[in-house]
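Below is one structure, written out as structure tokens, with a few remarks after it.
What follows is calculated from the coordinates using simple rules that are stated; it is not laboratory data. What you are looking at is a predicted structure, and each value in this text was computed from that prediction instead of being measured. Every residue, glycine among them, receives a Cβ derived from its backbone with ideal geometry; neighbour counts consider all protein chains shown.
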Amino acid sequence: MQNKTLLEEYFSPFRIENKNLIAGISPKLHGTEYRLINPQSIQPRFKGRVQLEPALNLNDFKPSAVIDWMEIGFETEDTFKAKAVKSRLQASLNSCNSEVSVFVTGPEREIGYIGNHFVVKVQEPTPESLKIIIDGIRNEYVLYTVNVPSIEIRGIEVSVDFYPMWQEDRGDAESSLLRWQMIDVLRKHHFIDPVFSDVFEDTPRVYAGAKFGETPKLIDPNESLGAINDDLVKEVRKLKLKTKELVALHEKNHRAPEIDGTFYVGKRDNEVSFRSMDKVGDKRNATNGTAIELEAKDRRARIEVTFQKNGINTYGSPKVIGLDNVEDLKGFKFQTLRKLAFNFYYPTISAKEEGRFLSADSTELTIFSKTGIYGLEEYYRAKYMLEEARHKRDSSEPEPKKVRSKGYRLGYDDLNQKIGRALRVLTKKWSLFDV
């Protein structure tokens with residue numbers, strides 16, 4: 001690893017939907033400060049590049065990993081109403097003074113279900129509350145267990161929260177700014193395997209106070225290249241390339257997500273999906289649009305991954321990660337999810353020599369400030385397609401270097417390690433779970 005040499009600084013501004021949130025905060029602070037340094041690797045692929053490092057002290061935050069919700073499924077020999085099952089299980093929890101709540105549906109998550117396949121959604125489960133629920137199921141119902149686990153895990157959402165360290169001399173505005181900077185870093189530096197977003201409906205998008213269902217994409221393939229560069233459009237047609245595959249080439253087609261919006265990758269009903277948000281409310285009711293506002297000290301930056309099984313006869317992503325049935329929770333190592341779901345990188349971007357210094361590519365810098373590592377990956381992919389087509393048409397054109405699977409990313413070790421430690425604490429919490 002090379003010594004860090006500060007080459008220049010760069011300010012990446014926020015995009016905020018609710019302007020009331022930033023009242024009283026200087027516009028000069030509405031963003032995240034970045035340092036451009038020499039890459040912390042001597043590998044040849046990083047030659048002529050600069051590394052972007054956020055000027056954010058991770059020690060200003062306390063990370064914590066939790067199970068936000070869990071779904072368990074079971075099949076009974078007799079027929080029951082989902083509403084009656086919920087009443088019995090909730091009564092068992094209430095009798096033990098548990099504040100945990102449950103919601104019961106059918107196997108396809110149907111409300112008002114009557115039958116013998118049930119899915120129980122448990123909000124913020126603890127080992128103690130989940131044991132009460134499982135004991136209640138086993139005591140109240142005769143379970144059908146032929147060729148199926150008695151009680152399977154149908155879904156689980158694991159969240160990692162970053163709480164700004166509470167200081168008496170730090171006001172709400174400063175704490176909010178820190179929280180937004182952490183959200184900004186989580187979104188920009190999070191690398192999600194393209195397999196989870198390889199279709200248009202799954203690509204990164206944000207919901208920020210628009211009409212329900214309106215979630216603008218960070219890069220919309222329906223954008224036109226014509227408004228940006230007519231010559232490029234003509235060339236693309238001659239090369240017989242698809243315009244939709246090249247929209248990431250221009251920074252104007254990249255849209256920064258609102259910092260106060262909810263950021264999604266993957267559809268809600270996907271077996272694997274991701275979200276990040278400014279967690280300022282709890283117990284949100286989507287039906288009537290209400291939520292409980294959190295106290296300032298409980299507000300945090302959150303990133304989460306959801307694994308779920310859809311339907312009775314599907315394999316399901318919980319089983320893929322090793323959570324087939326409730327017995328698998330004991331001894332499950334949640335830190336194994338770090339590389340799969342919570343993988344963070346520093347980007348490196350192209351730079352040109354100007355005298356004794358390297359000057360960062362302005363297009364790549366702008367793209368990263370809007371759409372992060374995801375946007376850069378899409379830009380490099382589109383650029384390679386265009387250059388490859390030019391070379392095939394005319395061999396005198398330079399042959400492009402193929403971008404490796406690791407691209408031009410460098411591991412964000414400090415952040416990855418903090419998340420790994422938080423997940424190990426979650427492992428310890430559930431290590432004694434026994435049913």
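Some notes on this structure:
- Counting neighbouring Cβ atoms within 10 Å and putting the fewest first, the residues Phe342, Phe200 line up as Phe200, Phe342.
- With the alpha-carbon atoms of the chain aligned to their principal axes, the span from lowest to highest coordinate is 77, 57, 43 Å, starting with the largest.
- Separation of region 152-193 from region 24-64 is 16 Å, based on Cα centroids.
- Among the listed pairs Lys131/Lys339; Lys309/Lys406; Lys240/Lys406; Lys188/Lys406; Lys19/Lys279, those whose Cα-Cα separation exceeds 26 Å are Lys131/Lys339; Lys309/Lys406; Lys240/Lys406.
- 25 Å Cα-Cα threshold exceeded, pairs from Lys244/Lys370; Lys352/Lys402; Lys217/Lys352: Lys217/Lys352
- Hull-based mean projected area of region 11-120, where the convex hull spans the alpha carbons, in square nanometres: 14.8 nm²
- Here the calculated FRET efficiency for Asp324 and Glu293, from their Cβ-Cβ distance with R0 = 30 Å, stands at 0.20, rounded to the nearest 0.05.
- GNM on the chain, alpha-carbon springs under 10 angstrom: the most fluctuating residue among Ser395, Ser92, Ser101 is Ser395.
- Note on Lys392: aspartates and glutamates with a C-alpha under 14 Å away, same-chain residues under 8 apart excluded, are Glu235.
- The relative contact order of the chain, computed from alpha carbon pairs under 8 Å that lie at least 6 residues apart in sequence, is 19 percent.
- Estimated from the Cβ-Cβ distance and a Förster radius of 56 angstrom, the FRET efficiency linking Glu388 and Ser95 is about 0.25.
- Förster radius 41 Å - calculated FRET efficiency between Leu241 and Ile312 (Cβ-Cβ, nearest 0.05): 0.40
- Cα-based helix-to-principal-axis angle, 362-393 vs the chain, degrees rounded to 10: 60 degrees
- Trypsin sites (Lys or Arg not before Pro) restricted to region 357-414 and DSSP loop, no more than 10 other C-beta within 10 Å: Lys401, Lys402, Arg404
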